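The values are calculated or read from the model by the stated rules, or taken from the named source; none is laboratory data. These numbers come from a predicted model, not from an experiment. Virtual Cβ from ideal backbone geometry, glycine too; neighbours counted across all protein chains shown.
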Amino acid sequence: MFLFLIPESELLEIPSICLVKYLTGLECLGCGMTRAFWYILHGEFSEAWKMNPLVFVVSALFPAFYLKPLIQSLHLQPNKKF
């Protein structure tokens, strides 16, 4: 994951590309998610919470999106009976 390699100083200088924030000036539910993931990867959970508390929900669900296709490709799913 390349996010782990980016220094914090550079990460905090990246401008926001959020359309909602650009149009309304208000942060959406996803604003701060990239920085929050960076803080989680570096073990700084309180800083991640400050950036976006939803990062903990998303990071808990994130592996499922990768594991499901892997399991399906390995045919480890139980046979479905109808």
| F45: surrounded by 15 or more Cβ atoms within 10 Å (Cβ to Cβ) and among the hydrophobic types (A, V, I, L, M, F, W, C), yes or no? | no
| Can you spot a residue in the stretch 24-38 that is in contact with a Leu (Cβ under 9 Å, 6 or more places away or on another chain) and of a type in the set (S, T, Y)? | yes
| In the stretch 35-64, which residue that is within 20 Å of L5 (Cα to Cα) and of a type in the set (V, I, T) is modelled with the highest pLDDT? | V55
